[in-house]
Amino acid sequence: MQLSPDEIIYWQMGFIKINATIVFTWGVMLMFFISAKVLERALTRNNKRTRLQNALETIVLAIEQQISAVGLIHPRQYLGFLGTLFLFVALANLLTIFPGYEPPTGSLSTTLSLALCVFVAVPYYGIKQRGLKDYLASYTKPSFIMLPFNIIGEISRTFALAVRLFGNIMSGTMIIGIMLLIAPFVFPVVMTALGLLTGMVQAYIFFILASVYIAAATSANKTQSQLHKNTPVIKPSEEN
Amino acid sequence: MTIDWFTVGAQTLNFLLLVWLLKRYLYGPILKAIDDRETQTAKVINQADAIKLDAQLQRKMLEKKNNEFDAKRDELFTKAKNTALSESEQIIAKAHINADQISKSRLQALERELEHYQQDIALKTLQEVYDVARKVLADLASVELEQNMFECFCKRLQNMTLDEKHNFNKALDAGNTELLIYSAFELTQTQIDKVDGILQQVSSAKSNSHFHLKLEVKTTLISGIEIRSNGWKIAWSTEDYLNVLQTFISQLLIKQRESIHNRTAQLNTQSHNVKNSA
């Protein structure tokens, strides 16, 4: 039994190889690209919109709203990274409904690469918002003793992010495979439907956790800045 | 469950490429389209607000104009009403005056007509009475009747009042006065002598009074005798009785006219009272 699509190798030359993970990822990317090109042609700027445009606008605005709900002040700034994260994971998971499809998210390499992207994006946005010194200083809060624990936490949560997604998707795929062997009728269909739900939930969790990490890295900056300027902090309840 | 670091790198690159692709071909165009539409909507809303504001201003202006127009209309209406009322009062007053004048002139015409009728009736009555009397007397005329008439005249002469005697003697003062005797029938010599004698007795008080008699038959006297001289006259005939009758009728008509006048004046007063109360 294959635990990961990485093991399905189509072409290899030394260190370089093309496995099912990469191929299906390209397939997902191709679908996104084609959809985007189709939309670009049909895109209108007036009130007469196509169904595809309406659907995509709804999805994009929903993602933007979610980013904003997490606490990020300028959601469009993070839409490219976080939105792609969600859409990629979601589509990669949803396509499991097609037989023969191997979800790239069922590969620890893919989830780890996504987690590493988040691992890099968090300090990137944190430094961008707060500055290098201020961001690095946040690792010593509330006291300097917390520095190693903060660094460990930063690394461990990245791996947790990768393993959580990988585990869920891989286990779902494995359960379906096992069920196909034990009870090939009806039950795999139910499990596939359950797998779709799990896939969407995992995509949402991955996206939300990444958003929360970035928000934590950037909003701390805001709070610190406000404290330095002696400006009153507006509580969420007061904002409403 | 192993980590293939080449796949990790490749997937990272794939993901970053996908981020760029989606930003370039999906998020960018969609967000731009949304922004454009929102801008356009905001522009339309602003235009609508401007139009609404303009409409509100125009509505206020029209309401103001309407109010002014209503006030002006009310003012003109009141003015026209007052003018019409005063004109109406003037016309009614004029009509009353004209009606009074017409009524007055009609009353005058009626009075004239009434007077005319009265005169006409009196004249015709008298004429009829004359004719009837004349016819009756003519039918009854005989020597005896004429003699009786003459006797009556003689008694009349003998019983003259003092004023009549005075007037008679005054008429004789001119001397050689001619006394005209009109009679409805021809007098006999005896009758003439008797008249002469009576007149001589009446005038005997004055020695210088001379007169001579002149006879003339006058049928219009209606069975009577009359003596005239220098504005003096004494007579006895049915005409005198008829004259008395005419005088009586005239007085009766005058009384009747006065009662009509009083009644008309009463009616006029009543009508004036009714107008004033209206």
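The values are calculated or read from the model by the stated rules, or taken from the named source; none is laboratory data. Just so you know, these numbers come straight off a predicted model, no measurement behind them. Cβ coordinates were reconstructed from backbone atoms using ideal geometry, including for glycine residues, and neighbour counts include every protein chain displayed.
What to note about this one:
- Residue that is surrounded by the fewest Cβ atoms within 10 Å (Cβ to Cβ), among those in the stretch B:205-219 that are modelled with pLDDT under 70 and of a type in the set (S, T, N, Q): B:SER207
- Residue check, A:MET191 more than 14 Å from chain B (Cβ to nearest Cβ), in a helix (DSSP H, G or I) and more than 19 Å from A:GLY83 (Cα to Cα): yes
- Restricting attention to the stretch A:107-143, the residues being in contact with a Leu (Cβ under 6 Å, 6 or more places away or on another chain) and aromatic (Phe, Trp, Tyr) number 1.
- Members of the stretch B:220-229 found to be modelled with pLDDT under 75 and farther than 18 Å from B:GLU151 by Cα, listed by number: B:THR220
- Annotation for the stretch A:34-53: at least one member residue is at pLDDT 90 or above, surrounded by fewer than 18 Cβ atoms within 10 Å (Cβ to Cβ) and farther than 16 Å from A:SER113 by Cα.
- A:MET174 falls short on exactly one of the conditions (1) closer than 30 Å to A:VAL190 by Cβ; (2) over 21 Å from the mean Cα position of the chain (by Cα); (3) outside any loop (DSSP other than H, G, I, E, B); (4) away from every other protein chain (no Cβ under 14 Å), and that condition is (4).
Let's see how each residue does on (1) more than 10 Å from chain A (Cβ to nearest Cβ); (2) out of contact with any Asp or Glu (no Cβ under 7 Å at 6 or more places or on another chain); (3) surrounded by 11 or more Cβ atoms within 10 Å (Cβ to Cβ); (4) in a helix (DSSP H, G or I):
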{"position": "B:VAL8", "(1), (2), (3), (4)": "no, yes, yes, yes"}
{"position": "B:TYR25", "(1), (2), (3), (4)": "no, no, yes, yes"}
{"position": "B:ARG37", "(1), (2), (3), (4)": "no, yes, yes, yes"}
{"position": "B:GLN56", "(1), (2), (3), (4)": "yes, yes, no, yes"}
{"position": "B:LYS72", "(1), (2), (3), (4)": "yes, yes, no, yes"}
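- Taken over the stretch A:1-55, the criterion of being aromatic (Phe, Trp, Tyr), closer than 16 Å to B:LEU18 by Cα and at the interface with chain B (Cβ under 10 Å from one of its Cβ atoms) is satisfied by A:TRP26, A:PHE32, A:PHE33.
- Here the stretch A:64-76 is the region considered, the condition is being under 18 Å from the mean Cα position of the chain (by Cα) and free of Cβ contacts under 8 Å to residues at least 40 places away in the same chain, and the residue that is farthest from the other protein chains (Cβ to nearest Cβ) is A:ALA69.
- Here the stretch A:138-175 is the region considered, the condition is being in contact (Cβ under 8 Å) with a residue 24 or more places away in the chain and of a type in the set (A, V, I, L, M), and the residue that is surrounded by the fewest Cβ atoms within 10 Å (Cβ to Cβ) is A:ILE155.
- Count - residues of the stretch A:16-31 that are in contact with a helix residue (DSSP H, G or I) (Cβ under 6 Å, 6 or more places away or on another chain) and not in a strand (DSSP E or B): 7
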